[in-house]
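Please read the structure below before turning to the comments.
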Amino acid sequence: MTVTQRRGRKIMMTSTELDEFLTTQRTCRVATVSADGAPHVSPLWFAWDGTSLWLYSITSSKRWAALRRDPRVAVAVDSGEEYGELRGVELSGTVVFVGEAPRTCEPHPELVEVERLFARKNFGLDEMPHDGRHAWVRLTPESIASWDFRKLASL
C-alpha cells in the first residue's frame with residue numbers, strides 16, 4: 001500500500017487510525033467507468049483486512065459489469081456531519097475477482113477470513129450468508145489518501 005498524499009499531511013490518518021477507520025465503517029462509495037466512458041458511483045458494504053478492501057457486489061449490477069470491462073476503481077469511505085468532524089479515505093487501484101461468481105459458498109481459502117469479517121461486521125453472524133447473487137472483488141490499493149479534520153483543532 002502506497003500513501004501518496006502530499007497536501008494535507010497534517011490531517012492525514014496514521015496507519016493505525018486508517019485501519020481502525022476502515023475496520024469500523026460499513027459503507028463505501030465505489031467509482032467505476034461505464035461502457036460509454038461516463039463515471040458511475042454506487043454505495044456498497046465492504047470489509048477491510050488490513051491490506052485490501054473487499055467488495056461484495058451483486059453480479060447483475062452496473063458496477064459489476066463496469067469492473068469486468070475495466071477493473072480500475074476509486075473508492076471513498078467517509079464519515080462526519082460538521083466540517084470539524086469530517087474523516088475519510090480514498091483508495092484507488094485495480095480490482096481482482098476472487099471466488100466463483102456468483103458466490104455459492106464453494107470452499108475458497110482466500111475468502112474464509114474475509115467472509116468471517118464481513119458477516120460479523122454487517123450481519124452480526126459468524127458465517128457468511130450466500131444468496132447466489134453476489135461475488136467478491138478485492139482492491140489492494142495502489143494509492144491511499146486520508147483526512148481527519150478533527151486534527152485541525154490541534155494545529
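The values are calculated or read from the model by the stated rules, or taken from the named source; none is laboratory data. Nothing here was measured: the structure is a model prediction, and the numbers come from that model. Here Cβ is always computed from backbone atoms with ideal geometry, including for glycine, and neighbour counts include all displayed protein chains.
Within region 31-49, can you find the residues that are of a type in the set (Gly, Ala, Ser) and under 20 Å from Phe123 (Cα atoms)?
Going residue by residue through region 31-49, those that are of a type in the set (Gly, Ala, Ser) are 31, 34-35, 37-38, 42, 47.
Residue satisfying the conditions is Ala47 alone.
Tell me which of these Arg103 doesn't satisfy, since it passes every other one: (1) touching a Lys or Arg at 6+ places or on another chain (Cβ under 9 Å); (2) more than 22 Å from Ser61 (Cβ to Cβ).
For Arg103, the exception is condition (2).
Quick one: is Asp36 surrounded by fewer than 18 Cβ atoms within 10 Å (Cβ to Cβ) and modelled with pLDDT under 95?
yes
Between a residue in region 86-112 that is under 30 Å from Leu152 (Cα atoms) and any residue that is part of a helix (DSSP H, G or I) and among the hydrophobic types (A, V, I, L, M, F, W, C), which pairs come within a Cβ distance under 7 Å, given they are 6 or more apart or on different chains?
That search, which allows pairs on different chains as well, returns Leu86/Phe149; Arg87/Phe21; Arg87/Phe149; Val89/Leu18; Val89/Phe21; Val89/Leu22.
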